[in-house]
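The values are calculated or read from the model by the stated rules, or taken from the named source; none is laboratory data. Not measured: the values here are computed from a predicted model. Glycine also receives a Cβ, built like all others from the backbone with ideal geometry; neighbour counts cover every protein chain displayed. Surface accessibility is based on the protein's heavy atoms, side chains included, excluding ligands, DNA and RNA. Shrake-Rupley method; radii C 1.70, N 1.55, O 1.52, S 1.80 Å.
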Amino acid sequence: MAKELLKGNEAFAEAAIRAGCEGFYGYPITPSTEFLEYMAKRMPQLGRAFVQAESEVAAINMVYGGACTGKRVMTASSSPGVSLMMEGISYIAGTEVPAVIVNVMRGGPGLGNIAPSQGDYHQMVKGGGHGDYFPIVLAPASVQEAIDYISLAFDLADKYRNIVHVIVDGNMGQMMEPAELPPMRELPKDPPSWAVTGAEGRQPNFLSSIYIDPADEEVTNIRLVKRWMEIEKNEIRYSEYLMEDAEFAVIGFGTAGRVASSAIRAAREEGVKVGLFRPITLAPFPKKQIEEISKRVKRILVVEMNTGMMLDDVAAIVQGRVPVEFYGRLGGMTPFPDEILDEIRRVADNKAPINGDARAEWISRLEKIVEEGR
Amino acid sequence: MVAPTTPETKVVFKRPESFTDVTTHYCPGCTHGVAHRLVAEVIDEMGLREKTIGVAPVGCSVFAYKYFNMDFVEAAHGRAPAMATGIKRVLPQKTIFTYQGDGDLASIGMAEIMHAAARGENISVIFINNAIFGMTGGQMAPTTLPGMKTTSSPFGRDVELTGFPIRMSEMLATMDGAGYIVRRSLHDAKHIRQSKKAIRMAIETQERGLGFSMVELLSSCPTNWKVAPDEALKFIAESMIPVFPLGDYKVRPELAGLRV
């Protein structure tokens, strides 16, 4: 199939359908609504389930029910909606059933706005719901990558009976760009052995996150963390751009990483040996790769569309081997390539150690930029 | 327990196949066990055990799954109708029921139950109304009677401060998507038999694709009401029924001629 001009949210929905999604349960919220609208049209045409739920709370619990049948099911939402889903997400994790959740992130906290943001990093990557569990988190940086990783998300969810979050920001949900959709996959004929389907000719199956005896819950927690360690071993994904001879590394995910790549091309033309490391799995996080980078570059610049949530994870890996600087835009603001180019130039010239906190230094620079912008 | 099968012996009473042989966790005098058994008998009689999926709630009946010999899931507090919806929509040929208490269904799960009914979700709901939160030790529920003492209304439910009991059956009966909504009681043998018929009708409603069905069962909680089991049954008859009148609140015309 040739490339077509596709709108992010619609392409993601079609990608999910082609990956075998048989149930979509959602609630409208900007900037992810087109995902739901597309599903409302397409799923009934294919004889598959679509429900517009009364709330995100209900939507995720419908996903929970659907997931227990062993069918591929999902929801898509945006930041405040995903906050409401966190209860159900924790139950899904505790029950060890597969589910895919797409978060088209927007500015916050609170009602915030509907502009693109990466401010849900902590909520998505660190868990967000209550209890001991580990979601897989994929952060694509283009419509094509999102299409590819939504298919992968279903495969990983099934393989590990784990939650998979695909996080993009409003930019990617709303943008149109050339991309290619995969062929339609055939639906599996038989449900997995653990699914609830009616106990016909077999012992009943029971799916729950309840382990009333702490000793049983502990065994479950051990099973979950061992599975997570397996995932960490097998599923790390990232992208590198001009990193072979890089003296400076920019680390950014999703849109922030993508904007940085334009700045990096421009900086290279100026003779600055800079490259991009873009984590695609934010969980499991590419720790070893970042550790290796910190051993061969002079300085690292982390770029995000939040207050430096991933920065903390990078700094913990680098352990002061090289200075780690930060640049971020907030509240639904997307950085321009020129801003990041300025930062690359500054970082390349900066021989001084980081004076205390990279975040504090960045805030004073950002406040000036914000002031000038006004 | 092995049922006697010699030709001379006629079996007149046995454990339903849909019921498991385990010790109950319910308190003495609690009517949850009766309600469970009625559901199991109905599923047996309709031959649906191998195509039924139950959805357990949070509350005293959080362990309902232990007593039913069929596929079961365990929902979050109040979310059973949403979870049942998720299952039913991808497995429309299966029989799906939720089993929920009044805290679960009428308090935290109000949105989920109302919208499941509004959508005409083809599921059956067994609603246990004992006017109290049992599992957490006897707090006020949305169904607690005016003046009734609970641990969170220690001086008796003051309607000026805490409002009035919610009548779920009456409210749900206003939904066009509802096919069968009735209230019954478990306080004596006659009413238990009527309750069983109602459960049968609810599942028949689902099997005929006639929309949302719910049987509200007035139930006892001697432990948290702090009365003896026999007094608890009297309390249902004398105090609960006047506030929660028994009756058929919605019966689709297609069901009117059905005799079970």
Filter the trypsin sites (Lys or Arg not before Pro) in the range A:146-227 down to the DSSP loop ones having no more than 12 other Cβ atoms within 10 Å, then list what survives. A:189, A:202
Please report how many Lys pairs in the range A:240-373 have alpha carbons closer than 20 angstrom, counting only residues at least 8 apart along the chain or sitting on separate chains. 8
Over the Cα atoms of the range A:240-373 the radius of gyration and the largest Cα-Cα distance (Dmax), both in Å, equal 13.4, 39
Alpha carbon convex hull of the range B:153-211, projected area averaged over orientations, nm²: 5.9 nm²
Counting other chain Cβ atoms within 10 Å of each Cβ in A:65-77 and taking the mean gives 5
Residue among A:56, A:269, A:96 with the largest mean-square fluctuation in a Gaussian network model of chain A, springs linking Cα atoms under 10 Å: A:269
At 1.306 mPa s and 10 °C, plugging the Kirkwood radius over alpha-carbon pairs of chain B into Stokes-Einstein gives what diffusion coefficient in µm²/s? 86 µm²/s
At a 1.4 Å probe radius, which order do A:208, B:107 fall into by accessible area, largest first? B:107, A:208
Filtered hits (lysines, Cα-Cα < 22 Å from residue B:190, offset >= 8 within chain) -> B:14, B:234, B:250
In the range A:116-156, which residues have a backbone nitrogen under 13 Å from the label point lying 7 Å from residue A:177's Cα in the Cα-to-Cβ direction? A:140-148
Just need the Rg to Rh number for the range A:227-304, please, alpha carbons only, Kirkwood Rh. 1.01
Value at 222 nm in deg cm²/dmol, rounded to 500, when DSSP H runs of n ≥ 4 in chain A each add -39,500 (n - 2.57): -14000 deg cm²/dmol
For the range A:194-249, the per residue accessible area (1.4 Å probe, Å²) is 58 Å²
For residue A:292, tell me the accessible area in Å² from a 1.4 Å probe, rounded to the nearest 10. 100 Å²
Where in the range B:12-93 are there GluC sites (Glu not before Pro) that are in a DSSP coil and have at most 15 other Cβ atoms within 10 angstrom of their Cβ? B:17
Could you work out how far apart the two model spin labels at residue A:155 and residue A:364 are, taking each label as a point 7 Å from the Cα in the direction of the beta carbon, and quote it in nm? 4.9 nm
Pairwise FRET efficiency - residue A:292 versus residue A:226, Cβ, R0 = 25 Å, nearest 0.05: 0.45
Treating the range A:11-73 as a set of equal point scatterers at the Cα positions, no solvent, please give the Debye-formula log₁₀ I(q)/I(0) at q = 0.16, 0.20, 0.22 Å⁻¹. -0.45, -0.72, -0.87
Add +1 for every Lys or Arg and -1 for every Asp or Glu among the other residues with Cβ under 15 Å from the Cβ of residue A:202, and state the total. -2
Can you tell me the FRET efficiency between residue B:20 and residue A:184 if r is taken as the Cβ-Cβ distance and R0 is 41 Å, rounded to the nearest 0.05? 0.45
Total lysine pairs under 22 Å (Cα atoms) in the range A:4-234, excluding pairs fewer than 8 apart on one chain: 10
At 20 °C in a medium of viscosity 1.002 mPa s, the protein assembly as shown has a Stokes-Einstein diffusion coefficient, with Rh taken as the Kirkwood radius over alpha carbon pairs, in µm² per second, of 80 µm²/s
Remind me, relative contact order of the range B:32-254 in percent, using alpha carbon pairs under 8 angstrom and six or more residues apart? 18 percent
In a Gaussian network model of chain A with springs linking alpha carbons closer than 10 Å, the residue among A:323, A:335, A:182 that fluctuates most is A:182
Just to be sure I follow the definition: excluding the sites themselves, where is the longest run in chain B that has none of the chymotrypsin sites (Phe, Trp or Tyr not before Pro) in a DSSP loop with at most 10 other Cβ atoms within 10 Å? B:14-154
Give the interface area between chains A and B as buried accessible surface, both sides summed, probe 1.4 Å, in Å² to the nearest 100. 2500 Å²
In whole Å, what are the Cα extents of the range A:26-136 along the three principal axes, biggest one first? 38, 31, 22
Dimensionless Rg ratio for the range B:45-143, taking C-alpha atoms and the 2.2 N^0.38 Å reference: 1.04
How many Cβ atoms of partner chains, on average, are near each residue of B:65-72 if near means within 10 Å of its Cβ? 5
Difference of contour (0.36 nm per residue) and Cα-Cα distance, residue B:158 to residue B:238: 26.8 nm
So what are the range A:4-234's ellipsoid semi-axes, whole angstrom, largest first, if each one is the square root of 5 times an eigenvalue of the alpha-carbon gyration tensor? 27, 21, 16
Spin-label pair residue A:5/residue A:215, simplified geometry with 7 Å Cα→Cβ offset, distance in nm: 6.6 nm
Accessible surface of the protein assembly as shown, 1.4 Å probe, proportion on carbon and sulfur as whole %: 55 percent
If you take each beta carbon of peptide A:203-213 and count the beta carbons of other chains within 10 angstrom, what is the mean? 5
Can you pull the three principal axis extents for the Cα set of the range B:122-260, in Å, largest first? 47, 32, 25
Which value at 222 nm does chain B reach when only helices count, each DSSP H run of 4 or more adding -39,500 (n - 2.57), with the total divided by all residues and rounded to the nearest 500 deg cm²/dmol? -8000 deg cm²/dmol
Given springs between every Cα pair under 10 Å in a Gaussian network model of chain B, which of B:131, B:189, B:116 has the largest fluctuation? B:189
